[in-house]
2 protein chains.
Amino acid sequence: MKTKKKYSRVTLQEVAEHAGVSRATASLAVRNSQNISKATRNKVLKSMTELGYVYDRIAANLRSQRSSTIGLIITDIANPFFSELLIGVHHALEKHGYTVVLGTTFDLDAKQDKLLSTMLEHRVGGVILCPVSDSLKETIERIKQWDIPIVHAVRELPDVSCDYVGIDYKIGAQMAVGHLIRKGHRRIAFLGGSSESSAWQERKKGYCTALQQVGLQIDEALVIENAVTREGGKKALQQVLNDPNPPTAAFCFNDLVAFGVMQGLRDRGLVPSEDMAVVGLDDVQEASISNPPLTTVSSFARLIGTYAADLLHQRIVDPLRERQRMILQPELVVRDSS
Amino acid sequence: MKTKKKYSRVTLQEVAEHAGVSRATASLAVRNSQNISKATRNKVLKSMTELGYVYDRIAANLRSQRSSTIGLIITDIANPFFSELLIGVHHALEKHGYTVVLGTTFDLDAKQDKLLSTMLEHRVGGVILCPVSDSLKETIERIKQWDIPIVHAVRELPDVSCDYVGIDYKIGAQMAVGHLIRKGHRRIAFLGGSSESSAWQERKKGYCTALQQVGLQIDEALVIENAVTREGGKKALQQVLNDPNPPTAAFCFNDLVAFGVMQGLRDRGLVPSEDMAVVGLDDVQEASISNPPLTTVSSFARLIGTYAADLLHQRIVDPLRERQRMILQPELVVRDSS
DNA sequence: CTGAAAGCGCTTACAG
DNA sequence: CTGAAAGCGCTTACAG
């Protein structure tokens, strides 16, 4: 579990002795305080390097009741959407001197709950949470009680009033499905994702709105839930192809699902775009190099990460500030799969 | 930089008072020590939940001179190879109760140096380092002085004697190039990567060996270094296509570079596989869905992560144990790009 | 500008 | 089995 440290550190005490000053003075010097004479500071700095001193941020944080870490909880590191988001978070947080503790839930409530505890125990200064799609009531209650800064990203939890940054998935879905309609499709499937998540519900709304706008009926048999993975996409496709009147186009929960759908088509000897138009959502980097290049809707993953980090920092600085919600507008990216 | 905590925690002291025992006893109860009566333990546990106590692992670690975090330093989170590796590390480390602090160097020595310091300051129990391809002498010296457990992954640093887990890239490259030769190619380029890194040097050796085995000469004009990104692949391709006698096949530093090369071909109106055979290295998930599906050599990213984590844990448990080197054997995966 | 004392929230010997 | 005291490595008032 934990491990005995067999390696001894040079302490500030030793630095102070070496420099011939008190511990308090050495502490001020290390932290570059203004209340210290240049001569003293230099003396201390010299001792530091000579002794190979390493600042113990953990001890400092404990004493000063601060934190220099923040927790980032995502659902799936293998999804390039989240890698991008992670990069955005990293860039923004590093400006403020934070170190990030990463946790992956694999979209499991139990794992999320455990990670939340771990982060608390590790005294993170705040948390950026991309909630699992199927959060239990108890977890949501817990998060509501939560008294450290938290911002939600990508998905919103019901009845939880927190800072939030995400995409307008409804508009995104509408764009995607509208595009397919303009291409002449009338039977359009909606594949992948879990109806428990707000992210799915919003897409569903956009999907329905787009169809209804042109007077098309919703056929629930074309709406197939499944895991948000390539595999999930394949399975959803297989199911929808068994429909007596199969769709000619598919709007996928996200790009990952769309990749699975395209692979599934090929496994059946069908050709994406020719035999079935496929549209994704996210515009991950792979979308432009897939076969065929994927038509999709950009959800600006990196930007979401950056904004979430900024919101968190602001919340940490001022816990009482008004709650913020940032909803980015998606963009349609037309390629060859549709 | 750091932030004042405005949220007060329930302390063990308060739990002890509430339960009517001493702090020491409460501490033992929390940690599930055997030297405590069941009745006392239950009393304490009850007080804990009633008060909403959260264990302060940081304070505990400070006092007991242990650590429950480990640092993972990678070069590029957007490379699916590293996402996979990260997953492997996570899975393995979580078994041992560690939390991971993540750092990304973007293959920059300065960033790596800074991250190493940050990790030390945060009292990580050990570090898994995927070194940048171009580590400065000073950095290498520093790592050699380093007195906390460290295992290197993916790339080895010259003259540094550490635990290491990686792939036999020479064999991997030999497999890839051998495959192209069997397909009848004679002018085979080697695209992407930096000659400063051991990972590149090994591939180069394999590339040369494969060519020499069939009596082909090495044409250095076909060996083009560039960034290990899609973009780098594109650029390397452009350069090699300007050769008066351009290659008919390309062995790419990794899959990411290969994707860039294929995109670059298409940008020029050429068709991967037909106009130029392309082979990658890593077998990231995207390789099977690219256009065309990419022939590549698997480098078992997730397994490398798992093994690195295991080695680190063993090193932490026994700092004096013999140094370990694990070299995995790659596997050729033939698809349509060659 | 510098130092002596107290304390962050825990755990570790050591008594009893 | 339980408690009083000391201490992990820092920082924070408070004197001077």
Antiparallel content of DSSP bridges confined to the protein assembly as shown, in %, to 5
20 percent
Test of the criteria: in region B:244-328, which GluC sites (Glu not before Pro) are in a DSSP loop and have at most 13 other Cβ atoms within 10 angstrom of their Cβ?
B:E274, B:E322
Here region A:203-208 yields Karplus 3J(HN,Hα) values (6.51, -1.76, 1.60; θ = phi - 60°; whole Hz; Gly and Pro given as x) of 4, 4, 4, x, 4, 5
Counting only DSSP beta bridges with both residues in chain B, tell me the antiparallel percent, nearest 5.
10 percent
For a label point 7 Å from the Cα of B:L51 along Cα→C-beta, name the residues of region B:20-38 whose backbone N is under 12 Å from it.
B:20-27, B:30
Can you list the copy-to-copy distances for A:I327, using a point 7 angstrom from Cα toward Cβ, in nanometres, shortest first?
5.8
In terms of the Cα gyration tensor, with a ≥ b ≥ c the square roots of its eigenvalues, is region B:169-298 rounded because a/c is under 1.5, prolate because a/b exceeds b/c, or oblate?
rounded
Ignoring ligands, DNA and RNA, what percent of the 1.4 Å accessible area of the protein assembly as shown is carbon and sulfur?
49 percent
Name the trypsin sites (Lys or Arg not before Pro) in region A:1-90 that are in a loop by DSSP and that have at most 12 other C-beta atoms within 10 Å, would you?
A:R31
When chain B is treated as a GNM, springs tying every alpha-carbon pair under 10 Å, which of B:S33, B:S298, B:S195 comes out with the largest mean-square fluctuation?
B:S33
Which whole number gives the average count of other chain Cβ atoms within 10 Å of the Cβ atoms across peptide B:102-114?
2
Per the C-alpha gyration tensor (a ≥ b ≥ c, the square roots of its eigenvalues), the protein assembly as shown is rounded if a/c is under 1.5, else prolate if a/b beats b/c, else oblate; here it's oblate
Could you tally up the Lys pairs in region B:69-166 with alpha carbons closer than 21 Å? Skip any pair fewer than 8 positions apart unless they're on separate chains.
4
When Cβ neighbours within 10 Å are restricted to other protein chains, what is their mean count per residue of peptide A:141-150?
2
Based on DSSP H runs of at least 4 residues, each adding -39500 (n - 2.57), what is the mean residue ellipticity at 222 nm of chain A after dividing by all its residues, to the nearest 500 deg cm²/dmol?
-13500 deg cm²/dmol
Copy-to-copy spacing for B:Y55, label 7 Å out on the Cα-to-C-beta vector, in nm, shortest first?
3.0
Within a Gaussian network of chain B (alpha carbon springs, distance under 10 Å), most fluctuating of B:S194, B:S273, B:S22:
B:S22
For region B:1-85, compute Rg over Rh where Rg is the Cα radius of gyration and Rh is the Kirkwood radius from the inverse mean 1/r over Cα pairs.
1.18
Residue-level accessible surface for A:H90, protein heavy atoms, 1.4 Å, Å²
20 Å²
Checking buried surface per residue: for region B:45-67, which residues lose a minimum of 50 Å² accessible area in the protein assembly relative to the chain alone (1.4 Å probe)?
B:R57, B:I58, B:L62, B:R66
Residue closest to axis [chain A; rotation mapping onto B; Cβ; Å]:
A:N291, 1
Prolate/oblate/rounded label for chain B (Cα gyration tensor, a/c 1.5)
prolate
With every protein chain present, what is the per residue accessible area of region B:60-203 (1.4 Å probe, Å²)?
32 Å²
A drop of at least 30 square angstrom in accessible area, chain alone versus all protein chains together, probe 1.4 Å. Which residues of region B:309-335 meet that?
B:I316, B:P319
Assume the label is 7 Å from Cα along Cα to beta carbon: what separations in nm does B:H91 have to the matching positions in the other copies?
3.1
Exposure of A:K95 as accessible area (Å², to 10), given a probe of 1.4 Å and all protein chains:
150 Å²
Chains A and B: what accessible area do they bury, summed, in square angstrom to the nearest 100, with a 1.4 Å probe?
6400 Å²
Listed residues B:A249, B:L270, B:P292: farthest to the positive end of the dipole of region B:246-295 (Cβ charges)
B:L270
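The values are calculated or read from the model by the stated rules, or taken from the named source; none is laboratory data. Here the structure is a predicted model, which is why all the values come from computation and not from measurement. All Cβ positions, even for glycine, are placed from backbone atoms using ideal geometry, and neighbour counts span all protein chains on display. Calculation scope for accessible area: heavy atoms of the full protein, side chains included, ligands and nucleic acids excluded. Shrake-Rupley method; radii C 1.70, N 1.55, O 1.52, S 1.80 Å.
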